[in-house]
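What follows is one structure encoded as C-alpha cells, with my remarks underneath.
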Amino acid sequence: MYEIIYNLHSFFAYIVLIVLVIAVINAIIGFTGNKMFTLEKDFRISLFALILAHIQLLIGIILYFVSPKGFNAISEFGMGGLTSAARLLAVEHPFINIIALVFITIGWSKHKKIMEAKRKFKTIAIFYGIGLVLILSRLPWGQWFA
C-alpha cells in the first residue's frame, strides 16, 4: 500500500505543480494585461489548481501516516534523532505544504468576494504565488530526481 500511495503522491505532484504554475502565470497575465476575469477560463484554472492541490494534500496526509519516513520516523527516532533529510520528509515538507495550501485557499476565498477583475487576478497571483513558492521550497528534490 505504501508504494502505491508514494508513487501516486510523487506523480500527482508534477500535475499539481504544472497547474499551479499555469494559474499563477494566468493571474499575472490577467493582472498586467487588464483582462476580464472569465468564468470559462480564469475561474476554472484557479478552481482546478485549488482542487488538485487539496487532493495532493489528502494523498500526502495518508502517505505521512503509512510511510516509514513520516510519522513513523518521528516515533522511532524522536525529533532530535532525525537527519536533515529525514526532518525534511517528516516535518518540514508536510508542515510547509499545509501552510501553502492555506495561502492558496485564502486566495481562492478572497478572490470570490472581489468584483473588479484586476483585483481578482492580483489576489490569485499573490496568494497562489506564495503557496507555489512555499511548495517549491520544501520539495525533496534529491529524491525526486534520484
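The values are calculated or read from the model by the stated rules, or taken from the named source; none is laboratory data. Nothing here was measured: the structure is a model prediction, and the numbers come from that model. Ideal geometry is used to build each Cβ from the backbone, glycine not excepted, and the neighbour counts take in all protein chains shown.
Out of region 83-137, which residues are among the hydroxyl-bearing types (Ser, Thr, Tyr) and assigned to a loop (DSSP other than H, G, I, E, B)? Give the steps one after another, and end with the answer.
So the first thing to find is which residues in region 83-137 are among the hydroxyl-bearing types (Ser, Thr, Tyr), and the list is 83-84, 105, 109, 123, 128, 137.
Residue satisfying the conditions is Thr83 alone.
Only residues that are free of Cβ contacts under 8 Å to residues at least 24 places away in the same chain and assigned to a loop (DSSP other than H, G, I, E, B) were counted in region 44-81, giving 2.
Quick one: in region 38-58, which of the residues that are of a type in the set (Val, Ile, Thr) and at pLDDT 95 or above is nearest to Tyr2 (Cα to Cα)?
Step one: of region 38-58, the residues of a type in the set (Val, Ile, Thr) are 38, 45, 51, 55.
From what's left, at pLDDT 95 or above: 45, 51, 55.
Working: Ile45: 31, Ile51: 23, Ile55: 17 Å.
Among those residues, the one meeting the criterion is Ile55.
If I filter region 17-36 for residues that are in a loop (DSSP other than H, G, I, E, B) and either modelled with pLDDT under 90 or in contact with a Cys (Cβ under 9 Å, 6 or more places away or on another chain) (or both), do I get at least one hit?
Looking for residues that are in a loop (DSSP other than H, G, I, E, B) and either modelled with pLDDT under 90 or in contact with a Cys (Cβ under 9 Å, 6 or more places away or on another chain) (or both), one finds at least one in region 17-36, hence yes.
Got at least one residue in region 109-127 being of a type in the set (Phe, Trp, Tyr) and buried (at least 21 other Cβ atoms within 10 Å of the Cβ)? For region 109-127, residues of a type in the set (Phe, Trp, Tyr) and buried (at least 21 other Cβ atoms within 10 Å of the Cβ): present.
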